[in-house]
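To start, I am sharing the structure in question, which I have written as structure tokens.
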Amino acid sequence: MTTLVMFSGGLDSTAMLYKLLTGSADELHVHHVHLRNRDGRARAESDAVAAVLAWCRAHCRPFSFSESALDFESLRAIPIDYLAVAYAACQVAIDVPRCNRIAIGTLAVDLDEVKRKVTQKQRRVFDAMYACYRERKLGEPVIEWLYPVYELTKAQVAQSLPAELRAVAWSCRRPVPVEGGYRICGECKPCRKRAEVSAQLQIAL
């Protein structure tokens, strides 16, 4: 059977992918959703995905890959990421033969009391859509959800990765355009946390 790895190019999902590639024998299908919204981080995430996957292909075992896109740049509101991921995961899970596991790079430490129900809500969205395919005799009878790095701290996530992967994974929510590309904003929550972990471990992040 196959595990669908929903991969953003961020530090957490990179740690998840690396753990699955090096610590399991599961057949893996990696999928990235290009989430285009007013934050403007799709290009940075896309570049990170390409760099991480290139490294993993060169240093780890084989896996398959696909990508999709959801474009909300014309909207004032920024859609909820985990709902978009659930939607895409359902479509890909149906498309990938024998896919019966979904792996998500969520960390418990990132979830406050309100957000702790995120994983349940994400699964409910997925299940409602997947049921429509089952009515057409498609899909698998049981889908298992995996959270390979759920119990890790941000510091443990960083420590679990080779320096080359830490260097190319992307975290910033609001990249700042500069001539020839972009830079981190240094102010969003992921940027602040990454700087904190970098100082704590005295490593480049």
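The values are calculated or read from the model by the stated rules, or taken from the named source; none is laboratory data. Note that this is a predicted model, so its numbers are computed, not measured. Here the Cβ positions follow ideal geometry from the backbone for every residue, glycine too, while neighbour counts run over all protein chains shown. Remember, those area values only see protein heavy atoms, side chains included, never the ligands or the DNA or RNA. Shrake-Rupley method; radii C 1.70, N 1.55, O 1.52, S 1.80 Å.
What number goes with the only condition from (1) touching a helix residue (DSSP H, G or I) at 6+ places or on another chain (Cβ under 8 Å); (2) of a type in the set (S, T, N, Q); (3) under 27 Å from residue 117 (Cβ atoms) that residue 37 does not pass?
With respect to (1) touching a helix residue (DSSP H, G or I) at 6+ places or on another chain (Cβ under 8 Å); (2) of a type in the set (S, T, N, Q); (3) under 27 Å from residue 117 (Cβ atoms), residue 37 is out only on (1).
Could you list, ordered by first residue, the pairs with Cβ atoms under 8 Å in which the first is in segment 93-108 and open to solvent by less than 10 Å² (accessible area, probe 1.4 Å) and the second is polar (S, T, N, Q), at least 6 apart or interchain?
As it stands, the answer is 99/2; 99/3; 102/3; 103/3; 107/153, since those pairs meet every condition given.
Could we say that residue 28 is at pLDDT below 95 and in contact with a helix residue (DSSP H, G or I) (Cβ under 7 Å, 6 or more places away or on another chain) here?
no
Next question. Suppose we filter 114, 142 for residues that are over 14 Å from the mean Cα position of the chain (by Cα), modelled with pLDDT under 95 and more than 20 Å from residue 11 (Cβ to Cβ); which single one remains?
The match here is 114.
Would you check if residue 187 is within 25 Å of residue 101 (Cα to Cα), touching a residue at least 12 places away in the same chain (Cβ under 8 Å), part of a loop (DSSP other than H, G, I, E, B) and of a type in the set (Asp, Glu)?
no
Just for strands (runs of 3 or more DSSP E) wholly inside segment 1-80: which have at least 2 residues that are more than 26 Å from residue 185 (Cα to Cα) and open to solvent by less than 20 Å² (accessible area, probe 1.4 Å)?
On the way: elements: 2-6, 27-36, 64-71.
So the answer is 2-6, 27-36.
Take the conditions acidic (Asp, Glu), at pLDDT 95 or above and either closer than 19 Å to residue 89 by Cβ or crowded, with 16+ Cβ neighbours inside 10 Å (or both) and apply them to residue 164. Does it pass?
No, not satisfied.
Follow-up question, since we're still on this one. Can you pull out every residue in segment 115-159 that is touching a residue at least 40 places away in the same chain (Cβ under 8 Å) and small (Gly, Ala, Ser)?
Of everything in segment 115-159, those that are touching a residue at least 40 places away in the same chain (Cβ under 8 Å) and small (Gly, Ala, Ser) turn out to be 139, 155, 158.
Please enumerate the residues belonging to segment 89-111 that are under 17 Å from residue 68 (Cα atoms) and in a loop (DSSP other than H, G, I, E, B).
The answer is 96, 104.
Quick one: how many residues across segment 116-145 are surrounded by 12 or more Cβ atoms within 10 Å (Cβ to Cβ) and in contact with a strand residue (DSSP E or B) (Cβ under 8 Å, 6 or more places away or on another chain)?
Residues in segment 116-145 being surrounded by 12 or more Cβ atoms within 10 Å (Cβ to Cβ) and in contact with a strand residue (DSSP E or B) (Cβ under 8 Å, 6 or more places away or on another chain): 6 in total.
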